[in-house]
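Comments concern the structure below.
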Amino acid sequence: MSSLLLPGSQQLNRLFHLMVVFAVLGPTLGVQVPWGTSDPWLNVTFFRATFFLLVAGLVIRWVNEHSLESSHMYPVRWFTAFFAFWILYATVSLTWVADLYKGLRYSAFLLIMLSLCLSFPLFIKNHLNMENTSKVLFGVFFILVVFGLSESVFLWHLPVSRYYEQNVPYPTSFFTNQNDFATTITLGLPFLVTALYMIPMRRRNKGLIYTTGIIALSCLLITGSRSNSGFALPLITISWLISIFFTVERTKLRRHFLKGVGWVFLGILLVAVLSSTLISPQIRDKLGTTMGVIQNLQKDWQLQQDGDVVESGDPAPEGKSISIRKALIINGLRFLHHSNYLGVGAGNIEYFMEGAPNVYNKTNIHNWWAEILVNFGVLVFTLYMCLYIWLLHRLWRLARITNTGLSPVIRWGATASLIALIGYVFGAMSPSTAIHFTPMWIVYGFALAVVAVGEREQERVAKAEGST
């Protein structure tokens, strides 16, 4: 009888995939809670519902079996340990926060997102699981970009969009603003591009992936996100071009080089035609001010001990949003200094940013790296960055062509995750806050799963070669 109450592995895997789908699409399908709270983050969403159902299923399994079958996560044990420390630090920081409610809410988000991240190495135990999860993620990405393109054509937006009931051509897809949508695209593009030549597949599947990439690139330009189009995308392109020489066999590269170049130029032509047809004059002008952004960022930054924000020179008219972001970071660094570099506490940047100079009523710091630093201090930020760089290094080792014994899916996952996380160095500066930006946590979690599966398979290959 006890076996009837035990959630089977297959059922939990399906619930995991359903949670992944709703992690991106679910917030759009939120339901207002009965007590009518004014805080939208307390609404019930399909993601939160499936998340807690999955947690309940894992608890039931642990009670019945006294085990969660997590030994396969050993290669990423230090990331798990850091996440636990991060949660502990966030909890302790509640003792010195200025706004306890904001701190509790942020800590709850952190716990859920870190759990979402770790669910990937927990449920992806081999390259077959990885392949199945990749198909689910591709389906979600396809829905996102196709709907985003339809927004620009029909000028119809979902209620979650900031442009709901407004006839404007800015695509936000299933997100609130176009910057979040653009960052999701730059996170997903490396997985599409590398899959075309690293994973054996049918021609029609390659055609679908290629078409999805064209639509995604067009949507990226139409969003007008300068941090993603002008900075993240070039960084991703450079990283991808460099990776080709280390992840593709030389004979295969020489044989298909001209063919690959032809497909790239065809894609550029199609994106140019599609985006130029749908892009609005306002977005075209905005994308044209990328150099103004760089010039604005080059102006002197000064942080005075009395708390005044000083910028030399007047900000360029087209760089107003960049000037605001600079002011947000400068104010955040001032808050960090006043906290003795321990951080202002979980989620309390918004509290201190209210009424800060030169931020024009903005409270979110609009920079994930600064968000970690100011909220949690130098210690957590340093550990986070060290593990981030270490993750990139381990992905690089798995992606190299020398690992001929690894599954193509693992090497593809390592290459795509590496490029996506490198591009996110700039992509992280686009969303207002990344604490509940699920695409980032999904890519991070997928990268951890690649490392866990890849390094275990690497050990098996090495043992097999040593025994022969």
Amide H contacts under 5 Å for V44, restricted to residues at least 5 apart in sequence or on another chain and with H modeled in the peptide plane, are V31, V33
Rounded to whole angstrom, the alpha-carbon centroid of the range 221-277 lies from that of the range 71-131 at a distance of 34 Å
Each label sits 7 Å from Cα toward the beta-carbon; between T404 and E459 the label points are separated, in nm, by 2.5 nm
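Relative contact order for the chain: what percent, with Cα pairs under 8 Å and sequence separation of 6 or more?
Details: 638 pairs, mean separation 101.5, N = 468.
It rounds to 22 percent for the chain.
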For the chain, the dipole about the Cα centre with charges only on Cβ (Lys and Arg +1, Asp and Glu -1), to the nearest 20 debye, works out at 1760 debye
Taking alpha-carbon centroids only, the range 181-207 lies from the range 343-360 a number of Å equal to 39 Å
For the range 387-468, the per residue accessible area (1.4 Å probe, Å²) is 33 Å²
For the chain, the accessible surface attributable to carbon and sulfur atoms (probe 1.4 angstrom, ligands and nucleic acids excluded) amounts in percent to 66 percent
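Would you calculate, for the chain, the mean residue ellipticity at 222 nm contributed by helices, counting each DSSP H stretch of 4 or more residues as -39,500 (n - 2.57) and dividing by all residues, to the nearest 500?
Values: 17 runs with 317 residues, N = 468.
Value at 222 nm, helices only: -23000 deg cm²/dmol.
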Once H256 and V55 are pulled to full extension, the length gained, defined as 0.36 nm per residue separation minus their Cα-Cα distance, is 67.7 nm
Given the candidates T133, A90, A56, the one whose Cα lies deepest towards the positive end of the charge dipole of the chain, counting +1 at each Lys or Arg C-beta and -1 at each Asp or Glu C-beta, is T133
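The values are calculated or read from the model by the stated rules, or taken from the named source; none is laboratory data. Fair warning: this is a prediction, and the values are worked out from it, not measured in the lab. Counting neighbours? That spans all protein chains shown, and the Cβs are built from the backbone with ideal geometry, glycine included. The accessibility values were calculated without ligands, DNA or RNA, using every heavy atom of the protein model including side chains. Shrake-Rupley method; radii C 1.70, N 1.55, O 1.52, S 1.80 Å.
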